[in-house]
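Trainee: Here's a structure for you.
The values are calculated or read from the model by the stated rules, or taken from the named source; none is laboratory data. Computed from a predicted structure; not experimentally measured. Using ideal geometry, Cβ is built from the backbone for each residue, glycine included, and neighbour counts are taken over all protein chains shown. Keep in mind that these areas ignore ligands, DNA and RNA; they rest on the heavy atoms of the full protein, side chains included. Shrake-Rupley method; radii C 1.70, N 1.55, O 1.52, S 1.80 Å.
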Amino acid sequence: MEKGDIDKRIIEYVSYLIDNKEYKSEAEYLRLLDFPLTKLSDAKKGKAGFRAYDIGIILINDRRLNSDWVMTGKGAMFASVDSNANISYFINKCSSLEDENKKLLMEVGILKGRLQEIKKRVPEESNAICAAASGSDLEK
């Protein structure tokens, strides 16, 4: 695999990012990575391509980019996500949220019971102004 092929794939990747409006321009992308603004145009002209360090910076800044594709041209531009890892993460997250929901529902039930007890102890007087717990229902 020639070094120029790697440069072409990186140029293709940057073009994809700009075409899909992830960055406004090549210059914006290059500034983000702290590369010289001439880096892409030099690579396009075959003058000075991307060094190993530059490729490392690009791969570190976008974990979606498939490093095998960049280096060999094999596979897709973007790495496939390990679906088993994602599934187990979401199953665990869902389980913990269900547990939290149960605890909160129990707390709500306890608070409703306490509110009912408080309402029972409040004396009713014909000339007093009372408000419901929400504060919006004023009655005489």
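Trainee: Please verify whether GLU28 is out of contact with any helix residue (DSSP H, G or I) (no Cβ under 8 Å at 6 or more places or on another chain), at pLDDT 90 or above and of a type in the set (Asp, Glu), treating the condition exactly as stated.
Mentor: yes
Trainee: Now for a separate question. Taking the residues in segment 7-21 that are part of a helix (DSSP H, G or I) and open to solvent by 20 Å² or more (accessible area, probe 1.4 Å) as candidates, determine which candidate is nearest to TRP69 (Cα to Cα).
Mentor: Per the stated criteria, the residue is ARG9.
Trainee: Follow-up. List pairs: first residue in segment 22-40 and without any contact (Cβ under 8 Å) to a residue 12 or more places away in the chain, second residue assigned to a loop (DSSP other than H, G, I, E, B) and open to solvent by 40 Å² or more (accessible area, probe 1.4 Å) anywhere in the structure, Cβ distance under 6 angstrom, at least six positions apart or on different chains.
Mentor: ALA27/LEU37; LEU30/LEU37
Trainee: Select from segment 40-63 the residues that are farther than 15 Å from GLU12 by Cβ and among the basic types (Lys, Arg) and list them in ascending order.
Mentor: LYS45, LYS47, ARG51, ARG63
Trainee: Cβ contacts < 7 Å: first residue over 17 Å from ALA52 (Cβ atoms), restricted to segment 64-78; second residue open to solvent by 60 Å² or more (accessible area, probe 1.4 Å) and of a type in the set (Lys, Arg), any location; separation 6+ or different chain. Result?
Mentor: PHE78/ARG64
Trainee: So, in segment 73-96, exactly how many residues are open to solvent by 90 Å² or more (accessible area, probe 1.4 Å) and modelled with pLDDT of 80 or more?
Mentor: Here the count works out to 1.
Trainee: Another question, if that's okay. Under 8 Å by Cβ, and 6 or more places apart or on different chains, what pairs join a residue from segment 104-132 that is at negative phi with one that is of a type in the set (Gly, Ala, Ser) and modelled with pLDDT under 90?
Mentor: Taking only residues 6 or more apart or on different chains, the pairs are LEU115/ALA133; LYS119/ALA133.
Trainee: Right, something else. Just to verify a result, which residue in segment 22-72, among those that are of a type in the set (A, V, I, L, M) and not in a helix (DSSP H, G or I), is surrounded by the most Cβ atoms within 10 Å (Cβ to Cβ)?
Mentor: LEU65
Trainee: Which one of these does LEU33 not meet: (1) in contact with a helix residue (DSSP H, G or I) (Cβ under 6 Å, 6 or more places away or on another chain); (2) modelled with pLDDT under 80?
Mentor: (2)
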